[in-house]
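J.: Just passing along the structure, written as structure tokens.
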Amino acid sequence: MRIAPTKIETFRDDFTYTNSPFAIERFPFPFPEDDYSYSVNIEPHTLPGKADSVYEHLLDIDEHYLSEMRERGLVLKENPKRCIAMPHMDLACWDMIDRCMTSMAVDYPDWFKLEKDGDQWHWQNLLLNIDDRFTFGDSSTLPMPPMEYMGRQVQGDIALLDQREGDLFLDAGIVTCPADWSLAFDAGMSFSEWHGPVPMAHEMGVFDRALKYLCAIQVDRPVRRLNWTLTINARMDTSPETYPNWGHERTSVTPENVGEKVHLRVELQMLDRMPRSNALMFSIRTYLISFEDLCTNPDWARRMHRVMKTLPEPLIEYKGLSRYHPLLVEWLSKYDVPN
Amino acid sequence: MSDPIQVRVAAVRTVSPKIREFTLEAVSGQLFSFSPGSHVVVTMKGTNAEGKAKVWKNAYSLVSDGFDASRYVIAVRLQDESRGGSVFMHTQVKEGDTLEITPPSNLFAPVWSAKKHVLIAGGVGITPFMSYLPEMKRRGAATEMHYSYRGDATGAYREELQVDEQTPVTFYDGAAGERCDLKAVLGSQPLGTHFYVCGPESLIEGVQETAMELGLPSSNIHFEAFAAPQPGQPFAVQLEGSGLNIQVSEDESLLEALERSGVEVPNLCRGGVCGQCRTQVVDGEPEHRDSFLSDTEKADNDCLMPCVSRARSSSLTLSI
Ligand code: HEM
Ligand code: FES
């Protein structure tokens, strides 16, 4: 059973974030094989997915909802540039509001309610005590710009891509929990430009093929993929802007604290065609799990060891693991003993 | 591929001597909102000249406002050299009939970051622009239109366009000897203008050549070149994967022949532009008619787009 979000945990300072047994069980473990490399790992996000899984609904709302929405508020207060929407993306933002509100109200009727009377909409978010009436499509009837308004009520980062010339452009987004990239820096860039720093994948043709596929995504046919990295402490906001707050934590890993400090960070990325604007919505829903909790599942623990042991050097470097990678492999080896 | 949508024909209307308009409503449930320039593919189940059962699938632009998800409107020109689809729509389809369509997709969307939009339509090429206009108006985007037609055949929606003062439209009736001076139109626009062309190939080429002469960047010129699949010589196909042998007749596309034989090939545009249907050729020489593959890919002859392309040799062997 899905747990109603009631707790408020922190993703900074005292890091009180924890996963319930239910959250551990449904964690989207991203490794289908013992070795990992980049591929065009995109598949249809067919709905509804398996009951209680992170794939059940278009957008997964879980026990960390209140905590993540509070954290988003903190980040936006420190740096409003984490939310950007170029003027030509206004309609795309409203498409996103329609898609998010409509699906959330249907998928979680106890938490969200939506009534539409023509373009007069009434939205209730019972978890955050929000009760608003507005005119669909008219940004002046919302208490804040549409991207920020919706972004503050949906778990996970969101980007809206404008599609033109057979390419995608990062022209709007709300990004408060990135895995070391900056919305302000990438804003306006094309698909291959913002993927510039990624090693190996360009040469492998991964991005060319992925882009072609993405441009052909149809309405009501969302797709998804998983991406992963490692994060020290349960820190959501690992952005270049705040690097001084978290970069040094990589040196704090010791053989004794690996289990509690090192977290597997998995992004469930979902792409969905926006009907009125032809934009693509890209939702990046981040899940964090400590190695301690991860290794309660012996299959995951064994595979994690094998993946880490064979991870290509350029990926170790790109994902920022160099510092503690050998130590981690050693720590994991106890879960992978030949019998 | 998306699930097909069943629609009922709610109204049929003649909008020019050779163009008929069909209003479609969902048989059950809701239609999707759509973006300007979107099209749907209509499946038509009829009989060909010899009385044999035949399925046509043609792409038609939506001419209604994308905000209105209660109905879709399409306009169909009776093609002189029709493969049957447009004849079927004109002679067989009546109010109350049921048709099957795909959800809308878009291969001709406006570039929203443009400073100004110039729409150049020829004949039934007016159709994709009909869904541009309501959104241009909502955004207050600077837009102008140049519309060439032949008064004795096409020229649909002229009254609607005339009353719209935000979008100035200039009309050119070819039947009365009027012509659009492309050089004057393209040459007088502010920097950052994007041009959209939909119409016969001669119009598209005319705009491209004029743009080149004037030194306009080709990235600012957009065209809807829906090559509806053209008829051609019949040919035979061997499928290596499934072991099937299929005969492609002169009035069907290779993709249609494959589908008729129960072979599913991913597809979207059915007009040689989206790249979805790319299929590997093992033997035989394809006749490439698409605008997706590069010239070198075409010269290699090891793949083709079955939605429009055919065979130069009497048979083809495909890997599927
Ligand atoms: C269209 C929506 C997408 C957006 C906005 C997006 C954005 C990003 C960004 C900002 C990065 C970080 C780059 C950096 O280091 O600065 C990244 C990394 C990456 N992206 Fe995407 N991406 C998208 C779709 C995809 C798709 C469809 C694929 C499929 C292959 C993909 C594959 C990757 C890979 C492999 C990495 C490296 C990740 C790692 O190893 O940690 N991306 N993406
Ligand atoms: S279906 Fe689009 S190129 Fe063939």
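The values are calculated or read from the model by the stated rules, or taken from the named source; none is laboratory data. Worth saying up front: this structure is predicted, and the values here are computed from it rather than measured. Because the Cβ atoms are built from the backbone with ideal geometry, glycine has one as well, and the counts that use them run over all protein chains shown.
J.: Between residues in segment B:296-320 that are under 19 Å from B:Leu244 (Cα atoms) and residues that are more than 16 Å from ligand 1 (Cβ to nearest atom) and assigned to a helix (DSSP H, G or I), which pairs lie under 7 Å by C-beta distance while being six or more apart or on different chains?
T.: B:Cys303/B:Glu297; B:Pro306/B:Leu254; B:Pro306/B:Leu255; B:Pro306/B:Leu258; B:Cys307/B:Leu255; B:Arg310/B:Leu254
J.: If the Cβ limit is 7 Å and pairs must be 6+ apart or interchain, which residue in segment B:270-287 that is at negative phi pairs with which residue that is of a type in the set (Val, Ile, Thr) and modelled with pLDDT of 95 or more?
T.: Here the result reads B:Val282/B:Thr317; B:Asp283/B:Thr317, each pair linking segment B:270-287 to a residue that is of a type in the set (Val, Ile, Thr) and modelled with pLDDT of 95 or more.
J.: Which one of these does A:Arg225 not meet: (1) away from chain B (no Cβ under 14 Å); (2) modelled with pLDDT of 95 or more?
T.: (2)
J.: So which pairs qualify, if the first residue must be in segment A:82-111 and closer than 25 Å to A:Asp237 by Cα and within 14 Å of chain B (Cβ to nearest Cβ), the second must be assigned to a helix (DSSP H, G or I) and not hydrophobic (A, V, I, L, M, F, W, C), the Cβ gap must be under 6 Å, and the two must be at least 6 apart or on different chains?
T.: Short answer, once both residue conditions are applied: A:Cys93/A:Pro146; A:Ile97/A:Pro146.
J.: Just checking, how many residues over segment A:184-221 are touching a strand residue (DSSP E or B) at 6+ places or on another chain (Cβ under 9 Å) and away from chain B (no Cβ under 14 Å)?
T.: The qualifying residues number 6.
J.: Quick test for you: out of B:Glu250, B:Glu240, pick the one residue that is out of contact with any strand residue (DSSP E or B) (no Cβ under 7 Å at 6 or more places or on another chain) and away from ligand 1 (no atom under 16 Å from the Cβ).
T.: Of B:Glu250, B:Glu240, the one residue that is out of contact with any strand residue (DSSP E or B) (no Cβ under 7 Å at 6 or more places or on another chain) and away from ligand 1 (no atom under 16 Å from the Cβ) is B:Glu250.
J.: Turning to a different aspect of this structure: All but one of (1) on the phi > 0 side of the Ramachandran plot; (2) away from chain A (no Cβ under 14 Å) hold for B:Gly29, so report the exception by its number.
T.: Just one mismatch for B:Gly29, condition (2).
J.: Return the only residue of B:Glu287, B:Glu256, B:Glu297 being under 21 Å from B:Gly46 (Cα atoms) and more than 16 Å from ligand 1 (Cβ to nearest atom).
T.: B:Glu256
J.: Please enumerate the residues belonging to segment B:11-38 that are small (Gly, Ala, Ser) and either surrounded by 15 or more Cβ atoms within 10 Å (Cβ to Cβ) or out of contact with any Asp or Glu (no Cβ under 8 Å at 6 or more places or on another chain) (or both).
T.: Within segment B:11-38, B:Ser16, B:Ala26, B:Ser28, B:Gly29, B:Ser33, B:Ser35, B:Gly37, B:Ser38 qualify.
J.: Residues of segment B:142-156 being in contact with a helix residue (DSSP H, G or I) (Cβ under 7 Å, 6 or more places away or on another chain), assigned to a loop (DSSP other than H, G, I, E, B) and surrounded by fewer than 23 Cβ atoms within 10 Å (Cβ to Cβ), which ones?
T.: Hits for segment B:142-156 are B:Arg150, B:Gly151, B:Asp152.
For every residue, the table says whether it meets (1) within 18 Å of B:Thr317 (Cβ to Cβ); (2) surrounded by 15 or more Cβ atoms within 10 Å (Cβ to Cβ); (3) more than 13 Å from ligand 2 (Cβ to nearest atom).
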position: B:Gln247; (1), (2), (3): yes, no, yes
position: B:Glu264; (1), (2), (3): no, no, no
position: B:Arg270; (1), (2), (3): no, yes, no
position: B:Gln276; (1), (2), (3): no, yes, no
position: B:Thr279; (1), (2), (3): yes, yes, no
position: B:Asp283; (1), (2), (3): yes, no, yes
position: B:Glu287; (1), (2), (3): yes, yes, yes
position: B:Asp295; (1), (2), (3): no, no, yes
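J.: Quick check on segment A:188-195. Is at least one of its residues of a type in the set (Asp, Glu) and either within 16 Å of ligand 2 (Cβ to nearest atom) or crowded, with 19+ Cβ neighbours inside 10 Å (or both)?
T.: Looking for residues that are of a type in the set (Asp, Glu) and either within 16 Å of ligand 2 (Cβ to nearest atom) or crowded, with 19+ Cβ neighbours inside 10 Å (or both), one finds none in segment A:188-195, hence no.
J.: Inspect segment A:167-176 for any residue being of a type in the set (Ser, Thr, Tyr), touching a Ser or Thr at 6+ places or on another chain (Cβ under 9 Å), away from ligand 1 (no atom under 15 Å from the Cβ) and at pLDDT 95 or above and give the result as yes or no.
T.: Checking segment A:167-176: not a single residue is of a type in the set (Ser, Thr, Tyr), touching a Ser or Thr at 6+ places or on another chain (Cβ under 9 Å), away from ligand 1 (no atom under 15 Å from the Cβ) and at pLDDT 95 or above.
J.: Taking into account only those residues within segment A:159-183 that are touching a Gly at 6+ places or on another chain (Cβ under 7 Å) and either within 13 Å of chain B (Cβ to nearest Cβ) or free of Cβ contacts under 8 Å to residues at least 40 places away in the same chain (or both), which is farthest from A:Arg72 (Cα to Cα)?
T.: Among them, the one singled out is A:Phe169.
J.: Could you pull out every one of the helices (runs of 4 or more DSSP H) wholly within segment A:294-339 that has 1 or more residues that are more than 16 Å from ligand 1 (Cβ to nearest atom) and free of Cβ contacts under 8 Å to residues at least 12 places away in the same chain?
T.: The helices (runs of 4 or more DSSP H) meeting that bar are A:298-310, A:325-332.
J.: Return the residues of segment A:190-218 that are among the hydrophobic types (A, V, I, L, M, F, W, C) and within 22 Å of B:Ser113 (Cα to Cα); say none if nothing qualifies.
T.: A:Phe191, A:Trp194, A:Leu211, A:Leu214, A:Cys215, A:Ala216, A:Ile217
J.: Sticking with this one: Considering only helices (runs of 4 or more DSSP H) fully contained in segment B:162-271, which possess at least 3 residues that are within 21 Å of the chain's Cα centre (by Cα) and either modelled with pLDDT of 90 or more or not assigned by TED's automatic domain parsing to the domain that holds B:Val124 (or both)?
T.: Output list reads B:201-214, B:254-260.
J.: Under 6 Å between Cβ atoms, at least 6 apart or on separate chains: pull out the pairs that start in segment A:37-57 with a residue that is surrounded by 13 or more Cβ atoms within 10 Å (Cβ to Cβ) and end on any residue that is of a type in the set (Lys, Arg).
T.: Final answer for the pair search is A:Val40/A:Arg209; A:Asn41/A:Arg225; A:Ile42/A:Arg225; A:His45/A:Arg224; A:Ser53/A:Arg26; A:Val54/A:Arg26.
J.: Additional query: Condition (residue is aliphatic (A, V, I, L, M), within 14 Å of chain A (Cβ to nearest Cβ) and surrounded by 20 or more Cβ atoms within 10 Å (Cβ to Cβ)) applied to segment B:95-103: is it met by at least one residue?
T.: yes
J.: Given the condition in contact with a helix residue (DSSP H, G or I) (Cβ under 9 Å, 6 or more places away or on another chain), away from chain A (no Cβ under 14 Å), in a strand (DSSP E or B) and buried (at least 21 other Cβ atoms within 10 Å of the Cβ), answer yes or no: does some residue in segment B:39-50 qualify?
T.: Within segment B:39-50, one or more residues are in contact with a helix residue (DSSP H, G or I) (Cβ under 9 Å, 6 or more places away or on another chain), away from chain A (no Cβ under 14 Å), in a strand (DSSP E or B) and buried (at least 21 other Cβ atoms within 10 Å of the Cβ).
J.: Further question on the same structure: A:Pro30 passes all but one of (1) at pLDDT 95 or above; (2) assigned to a loop (DSSP other than H, G, I, E, B); (3) over 27 Å from A:Ala216 (Cα atoms); which number fails?
T.: (3)
J.: Looking at segment A:306-319, is at least one residue over 25 Å from A:Ser39 (Cβ atoms), more than 16 Å from ligand 2 (Cβ to nearest atom) and away from every other protein chain (no Cβ under 14 Å)?
T.: No.
J.: May I pose another question? Just one of B:Ala109, B:Ala69, B:Ala49, B:Ala53 is over 19 Å from B:Pro4 (Cβ atoms), over 18 Å from the mean Cα position of the chain (by Cα) and at pLDDT below 95; which is it?
T.: B:Ala49
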